[in-house]
Amino acid sequence: MRQNRHNGTSPDTSHSLYTQVFSDEETMGRVVVEILEAGKNLNRKALCSKLLNRVEAAGSEEEEKHYMKLIRLVLERDS
């Protein structure tokens with residue numbers, strides 16, 4: 001059985017609250033879930049596209065930095 005927790009915020013809450021509440025890993029996990037729930041393939045292009053949309057909608061410099069950090073993480077290559 002699925003339990004819904006109410007955290008006092010609506011789904012339309014700004015992304016700045018979103019980035020304050022969630023770590024990098026949690027944010028990336030939520031992005032991955034959004035992509036998969038939309039029925040799209042999970043790959044670097046999809047992750048970067050979703051994260052860039054969030055950068056464009058960012059309400060603060062801190063929020064923008066948070067998403068840019070995740071984009072760099074996605075594009076980072078192992079040496």
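Quick notes
- Any hit, segment 20-27, residues being surrounded by 15 or more Cβ atoms within 10 Å (Cβ to Cβ), at pLDDT 55 or above and β-branched (Val, Ile, Thr): yes
- Within segment 42-64, residues that are on the phi > 0 side of the Ramachandran plot have Cβ atoms under 9 Å from residues that are exposed (fewer than 12 other Cβ atoms within 10 Å of the Cβ) in no pair, counting only partners at least 6 apart in sequence or on another chain.
- Among the residues making up segment 30-52, those that are in a helix (DSSP H, G or I), at pLDDT 95 or above, of a type outside the set (Val, Ile, Thr) and surrounded by 11 or more Cβ atoms within 10 Å (Cβ to Cβ) are GLU34, LEU36, LYS45, ALA46, LEU47, CYS48, SER49, LYS50, LEU51, LEU52.
- Scanning segment 58-79 for residues that are loosely packed, with under 15 Cβ neighbours inside 10 Å, of a type in the set (A, V, I, L, M, F, W, C) and closer than 15 Å to PHE22 by Cα yields no hits at all.
The values are calculated or read from the model by the stated rules, or taken from the named source; none is laboratory data. Predicted model, so just to flag it, every value in this text is computed and none were measured. Because the Cβ atoms are built from the backbone with ideal geometry, glycine has one as well, and the counts that use them run over all protein chains shown.
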